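Notes follow the structure.
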């Protein structure tokens, strides 16, 4: 699977999940930092986030350069922007509002705009913590793992088949920022699960020699916990060989740090799936 950085237009709807940073300013300028939701003050609320045009990869965790975006909702009393309320308000879900977003007190292009308020969405270029984490993750380029078997193609019933995964399995963390929001995502190899043609599974990790490939030069004493023995070649009449795929699924745990949770913590997983064609043959078929 390959991921590429997507260039998102300024006026696309961007998600602001529960973990996004919300800055609520009171009428006397006392800031309060929260982790999601909105706050009610006499003169409205402000959302502090990055700007979509300032998203960039960084050398490590921490805030990067960018603009702070402040967004406000204004009540609509008519059918034009001129008929909006004279001050920002706390919005209610499902109601029509005028949305204004600013950078350094300058109205951003595309604003004001009419929106039906959805607590999980800000329409426009505001970038939340969750989105910058996704931006970092989607900037990762995972190579296709290279699963191998020995014997390489023809598997003999009753003789262990060695399973392994070669190629790149370890990757560095990727960090990104936009204004005051930042995230760093680090993949950590969990395991590879081989699903056999008959549905049996073999789970291998670093403790089970999952990267060890059998070598004739190393003698007959070699062993591996990442192996499987076929007991039959399927429902093949007359000992005909079974042609099928072993499905290898490699899984990485993704850990992240963000401006909201600077201590690294588990986030989600990433998987790559590869099919390995094999032929399973009964030894009797060879003798005959």
Most exposed first, judged by fewest Cβ atoms within 10 angstrom, 181, 127 run 127, 181
For 207, 229, which order do you get if you count the other beta carbons within 10 Å of each Cβ and list the fewest first? 207, 229
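Take 205, 104 and order them by how many other Cβ atoms sit within 10 Å, fewest up front.
Working: 205 15, 104 8.
Fewest-to-most ranking of 205, 104: 104, 205.
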Between residue 201 and residue 222, with labels modelled 7 Å along Cα→Cβ, what's the label distance in nm to one decimal, could you check? 2.7 nm
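Of the beta bridges DSSP finds with both residues in the range 144-287, what % are antiparallel, to the nearest 5? List each step's numbers first, then the result.
Numbers: 44 of 47 bridges.
Taking every DSSP beta bridge within the range 144-287, about 95 percent pair in antiparallel fashion.
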Cα atoms only: what Rg and Dmax, in Å, come out for the range 144-287? 19.6, 71
Full-extension gain between residue 188 and residue 85, please, as 0.36 nm times their residue separation minus the C-alpha to C-alpha distance. 32.0 nm
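Any read-out appearing in this document is the output of simple, stated calculations on the displayed coordinates, not a laboratory observation. Note that the coordinates shown come from a computational prediction; the quantities given were computed from them, not determined experimentally. Neighbour counts run over all protein chains shown; Cβ positions are idealised from the backbone, glycine included.
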